[in-house]
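To keep things clear, I will list the structure first and then write my remarks on it.
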């Protein structure tokens with residue numbers, strides 16, 4: 001009898017780049033992203049799925065990467081916080097977090113940004129209650145969430161204005 005393999009060859013696409021790697025069967029996706037690929041924006045918080053610091057978007061769904069094994073992501077398309085900025089420019093959501101003080105220590109910020117990105121992809125113009133529900137899987141110990149919600153709502157309002165053809169201040173464009 002041969003012993004079962006303890007490693008797996010996987011292919012993932014992260015932020016548009018394809019990676020081929022050999023991973024241990026027990027390696028968590030968060031450790032694969034951070035340690036193997038050196039994409040350290042995704043944070044490790046609790047390793048129990050409670051805090052949301054490790055949130056990424058996998059095949060269009062928001063997931064906590066500490067709750068998945070790397071081999072489970074074989075063939076997946078993953079978005080991490082590093083993929084939000086384009087051509088050296090922050091995404092509007094990142095700019096809004098900075099402008100509205102939606103971050104303090106920054107530890108929860110990558111997970112919050114990914115949860116908010118997922119929410120805004122699904123619903124570009126969420127209400128305050130929908131924003132609160134959208135980030136409920138993410139813990140922040142610094143901000144009290146008020147400025148995080150405000151940051152996301154500012155992007156939602158800009159989306160609403162763009163979709164309706166009015167300025168964010170309420171006038172016609």
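Here's a check for you: in the range 148-160, which residue that is crowded, with 18+ Cβ neighbours inside 10 Å and without any contact (Cβ under 8 Å) to a residue 60 or more places away in the chain is nearest to residue 53 (Cα to Cα)? Write out each step before concluding.
As a first pass, look at the range 148-160 and keep what is crowded, with 18+ Cβ neighbours inside 10 Å: 148-156.
Filter once more, so that each one left must be without any contact (Cβ under 8 Å) to a residue 60 or more places away in the chain: 148-154, 156.
On the way: 148: 14, 149: 16, 150: 19, 151: 18, 152: 17, 153: 20, 154: 22, 156: 22 Å.
Of everything passing the filter in the range 148-160, 148 is nearest to residue 53 (Cα to Cα).
Could you tell me whether residue 171 is loosely packed, with under 13 Cβ neighbours inside 10 Å, modelled with pLDDT under 95, within 22 Å of residue 44 (Cα to Cα) and more than 13 Å from the chain's Cα centre (by Cα)?
Numbers: loosely packed, with under 13 Cβ neighbours inside 10 Å: yes; modelled with pLDDT under 95: yes; within 22 Å of residue 44 (Cα to Cα): no; more than 13 Å from the chain's Cα centre (by Cα): yes.
Taking the combined requirement at face value, the residue does not satisfy it.
Restricting to the range 131-152, give me the number of residues that are within 17 Å of the chain's Cα centre (by Cα) and assigned to a helix (DSSP H, G or I).
8
What do you reckon, is residue 102 assigned by TED's automatic domain parsing to the domain that holds residue 152 and under 14 Å from the mean Cα position of the chain (by Cα)?
Details: assigned by TED's automatic domain parsing to the domain that holds residue 152: yes; under 14 Å from the mean Cα position of the chain (by Cα): no.
So residue 102 fails the test.
The values are calculated or read from the model by the stated rules, or taken from the named source; none is laboratory data. Keep in mind that this is a model prediction, so the values were computed, not measured. Quick reminder, even Gly has a Cβ in these numbers, built from the backbone with ideal geometry, and neighbours come from all protein chains shown.
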